[in-house]
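Presented below is the structure to which this report refers.
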Ligand code: RIB
């Protein structure tokens, strides 16, 4: 039989309400009694019934994390940053996958509220109607979004600088001499991906170059494979692809392999996210790094802040800088398109080489560059 609060009260010689106040560290219990009750509770191995306690205090020390799909390694890294920050603050995390479906997301929202979570971090509100957003707002629970802030201004948000990242990717390919370029991305309604596309197209526009073709699909490995199949037809002219995230880039590499298109000899590919496995693909993927762990950690810290200021709903918006990670999946256009195989072999199979990225930082191709968390275990 589990030890109850009544057992602790009997053993301590005080009533249950004093035990409760002692264990919850609230008013009206002197230090001596509190210490005595704590000792008895520890000796009896008493565990608080979190649910019952939550009903009384209104707090269950639980946070909901709603992502679009945890199979995207981006979210695994975000979730890790979030979980570490929540754990440090004594909160548990409940993970939900919305699959970018509004009903599924709202269903999870309702069930997280029913579980009396203290706050929710959410990705993928892209598909929600205004009425649904109003519903989230009306619930009054602290919410931090991992989506672009401009659309959902009243909710707090933290995200990587998608616009800037898209522009960096565009200028990088242009600097390598690519002018016939394609972009594969996710659904049009996905705010973060839409901003990446916008930044990317802006780079071409600003430099007076033709607008790259954009293919919308699922932002998954399978989606990247399918979109690349559409883009890389038999009379393809393009020499480079910007994939809206790394898993799309992996799907694109798969298509290239099946079609006998050599990366980067015939086709340069750049991704977005810098997930950990992007360094072990063949060739290692050039990509735009988002500080994923930091994003997850910041989202929880912002949420805890909101929770601590009960009732205050001033929104906070953080946009975190991104940077180019230059590896071996892109190459200068003059060397592309059916060029020298020997040089290609040398570059892809050769020793790890230090390269200077556009932002001036040196990256070691093939090494771990995924912002390992300073405080992760
Ligand atoms: O929704 C998935 C994508 O959006 C991720 O790959 C990541 O880039 C995020 O911002």
Q: Go through (1) part of a helix (DSSP H, G or I); (2) closer than 20 Å to residue 176 by Cα; (3) free of Cβ contacts under 8 Å to residues at least 24 places away in the same chain one by one and return the number of the condition residue 249 breaks.
A: (3)
Q: Give just the number: which of (1) under 26 Å from residue 82 (Cα atoms); (2) in contact (Cβ under 8 Å) with a residue 60 or more places away in the chain; (3) more than 16 Å from the ligand (Cβ to nearest atom) does residue 288 not satisfy?
A: (3)
Q) Under the condition of being part of a loop (DSSP other than H, G, I, E, B) and under 21 Å from the mean Cα position of the chain (by Cα), which residue from the stretch 187-209 is nearest to residue 223 (Cα to Cα)? A) 187
Q. Which residues, taken from the stretch 252-267, are in contact (Cβ under 8 Å) with a residue 40 or more places away in the chain and out of contact with any helix residue (DSSP H, G or I) (no Cβ under 7 Å at 6 or more places or on another chain)?
A. 253, 264, 266
Q | Of residues in the stretch 66-96 being over 20 Å from residue 158 (Cβ atoms) and in contact with a helix residue (DSSP H, G or I) (Cβ under 9 Å, 6 or more places away or on another chain), the one nearest to the ligand (Cβ to nearest atom) | A | 71
Q: Considering each of 215, 184 in turn, give the residue that is more than 17 Å from the chain's Cα centre (by Cα) and either within 16 Å of the ligand (Cβ to nearest atom) or not assigned by TED's automatic domain parsing to the domain that holds residue 286 (or both).
A: 184
Q. For the stretch 286-316, what are the residues that are over 26 Å from residue 273 (Cβ atoms) and in a helix (DSSP H, G or I)?
A. 305, 306, 307, 308
Q) Does any residue of the stretch 219-237 turn out to be away from the ligand (no atom under 16 Å from the Cβ), free of Cβ contacts under 8 Å to residues at least 60 places away in the same chain, under 21 Å from residue 73 (Cα atoms) and more than 23 Å from the chain's Cα centre (by Cα)? A) yes
Q: May I ask you to say which residue of 161, 195, 118, 134 is closer than 25 Å to residue 226 by Cβ and either within 13 Å of the ligand (Cβ to nearest atom) or assigned by TED's automatic domain parsing to the domain that holds residue 78 (or both)?
A: 195
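The values are calculated or read from the model by the stated rules, or taken from the named source; none is laboratory data. No experiment lies behind these values; they were computed from the predicted model shown. As a convention, Cβ positions derive from the backbone with ideal geometry for all residues, glycine included, and neighbour counts pool all protein chains shown.
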